[in-house]
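Here, each number is a calculation from the coordinates, and none is a lab measurement. This structure is a prediction, so every number in the text was calculated from the model and none was measured. Using ideal geometry, Cβ is built from the backbone for each residue, glycine included, and neighbour counts are taken over all protein chains shown.
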Amino acid sequence: MKTPFRRLEEHLSKNHSTSFQAALFMLKLNNMLALKGQRSTERSDSVESDLLLWWEDFYVPVFEYILPKMGTLEKKKVLELGTGTGGTATLLAKRGASVIGIDLLSFRLAEAKARASEHDVAESVNFALMDAMHLAFPDNTFDFIISKSVLVFTEHAQTAKECYRVLKPGGKAIFIENMRYHPIAWLYRKMFLKYSAKLRYFSIHDVEKVGAEFESLEHREFHLSAVGALFWQKCLVIPSLYRTSFRLLKTIDISLLKCFPFLKRLCWITAVICHKN
Ligand SMILES: C[S@@+](CC[C@H](N)C(=O)[O-])C[C@H]1O[C@@H](n2cnc3c(N)ncnc32)[C@H](O)[C@@H]1O
């Protein structure tokens, strides 16, 4: 007997849209990670890491970087592109923002709604089925737009143009995306992730092209050698070694990137902050 997931997979596979196929691939990957019960081992005073949902340890420093850039979120209108199961939308709503999360997959939005209710922020979050490349909002609507691992599924410039249009003057669009040339990530995608060939991972040039749609841009890249710590989490499971090596390598990465900025292009994650004047 087919499971509901299997039926959904078949339905989406018949649809030839690349976005849908790619979204399906990420769905499989997310489910796989959830089944492995991967949970954050890093604790942060300023970020609720459990709401980062996957690869939390690696996203905590990214959120520690972007949240202060957003300042106080009280009464701010935020759009989250590709909200998935709503972790980021919930995190921002808990900080006082009024959030709209959009996604292409309706059943993901149902999970996102449930998550917002669990965290008592259902009244501050709305979800809608919508394509990030064709936003159904008027010009100048949002104070912030945020996305995490979503632009890689879209045509970057088209999405950036739409974001610019719906941002208020003075607003910021924050894109947290996976980069193309991290050697371990590159090899892993080549070997195991069939759909990754269709995704538009970011190079530094892509970051700059997205930024060119706005008046100004700042960006920071994260995790070079720190990815190696995953050996102690995924291959030989020794949690204490994972924690120790992750902290050590993270510190080494910060110094390496400061001394040799050209290494940014080999990082795993980029956080791109685009400003509209
Ligand atoms: C890798 S998941 C990330 C989910 C969420 N941002 C997170 O970090 O947990 C990518 C999400 O983007 C959605 N997505 C892909 N293409 C999209 C598009 N063109 N418009 C809106 N959502 C899209 C997928 O359905 C999926 O939920």
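Set the Förster radius R0 to 30 Å, insert the Cβ-Cβ distance between C235 and L256 as r into 1/(1 + (r/R0)^6), and round the FRET efficiency to 0.05. Efficiency, from the Cβ-Cβ distance: 0.80. By the count of other C-beta atoms within 10 Å, a proxy for reagent exposure, D57, D253 are ordered fewest to most as D253, D57. Taking every alpha-carbon pair within the range 89-198, the share separated by more than 16 Å comes to 65 percent. Straight-line cross-link partners of K258 among the aspartates and glutamates, defined as a Cα under 20 Å from its Cα and at least 8 positions apart when in the same chain: E64, E208, E218, E221. Which pairs break 19 Å Cα to Cα here: K76/K168; K198/K234; K209/K264; K69/K276? With Cα atoms farther than 19 Å apart: K198/K234.
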